[in-house]
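The values are calculated or read from the model by the stated rules, or taken from the named source; none is laboratory data. On a predicted model such as this, the values are computed, not experimentally measured, just so you know. Cβ atoms come from the backbone with ideal geometry, glycine included; neighbour counts cover every protein chain shown. The accessibility values were calculated without ligands, DNA or RNA, using every heavy atom of the protein model including side chains. Shrake-Rupley method; radii C 1.70, N 1.55, O 1.52, S 1.80 Å.
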Amino acid sequence: SLWMLGHPKPLTVTANLYAKFGPRAKGLGTWGIDHFPAGARFDVDDLATAFIRFEGGITLLLEVSWAGHSTPGHRLQIMGTEGGIEVDPRTFGRERPVHVFIEQDGELAEEELAIDPAVGSSYQREIAAWLQAIEAGSSPLVAPEQAALAVQITEAIYQSAATGKEVAINS
């Protein structure tokens, strides 16, 4: 999300964290089941929600969960004043999961965005790009400052959840 937003400067974070399934050995599903026996306990958060405000009036609503009573999968929505984009393979199908929403002639229009299929997992592609940048002596896809920004936001999420208060980020 930060990359798609152009890495804006974060201002504040309000967040909540929940551990309702893992500590009761529920919700393992297919995630982690190959590493832990039945009845294993996960003493980690199952759900994180955060409201992040950035400079320029940008807001990000983040919901991340590995266990819960919902459909599995990933979904990303970006909504702007001139259009929006949504990535949702469950709604739009795996072949054309990205749709763009714009206004044309005063009417809402929806278009599929064709994207070449990726080879390998996102982790494999990220590692390959990192190695390529090292070998070529070029800049990596994610700059160190961008990674540090993600860590600041993550720390603010945990601090807000612990205190129940909005946390200002001084970057």
Evaluate the following for Gly106: is it more than 20 Å from the chain's Cα centre (by Cα), open to solvent by less than 80 Å² (accessible area, probe 1.4 Å), of a type in the set (Gly, Ala, Ser) and at pLDDT 90 or above? yes
I need the full set of residues from segment 50-95 which are part of a loop (DSSP other than H, G, I, E, B) and surrounded by 12 or more Cβ atoms within 10 Å (Cβ to Cβ), in order please. Ile58, Trp66, Ala67, Gly68, Arg75, Asp88
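So, in segment 122-145, exactly how many residues are open to solvent by 50 Å² or more (accessible area, probe 1.4 Å) and under 19 Å from the mean Cα position of the chain (by Cα)? First the steps, then the outcome.
Pass one, segment 122-145, residues open to solvent by 50 Å² or more (accessible area, probe 1.4 Å): 122-128, 130-132, 134-139, 141-142, 144-145.
Cutting the leftovers down to under 19 Å from the mean Cα position of the chain (by Cα) gives us 122-127, 141-142, 144-145.
Counting residues in segment 122-145 that are open to solvent by 50 Å² or more (accessible area, probe 1.4 Å) and under 19 Å from the mean Cα position of the chain (by Cα) gives 10.
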A careful count of residues in segment 82-92 that are out of contact with any strand residue (DSSP E or B) (no Cβ under 8 Å at 6 or more places or on another chain) and within 15 Å of Glu110 (Cα to Cα) gives 1
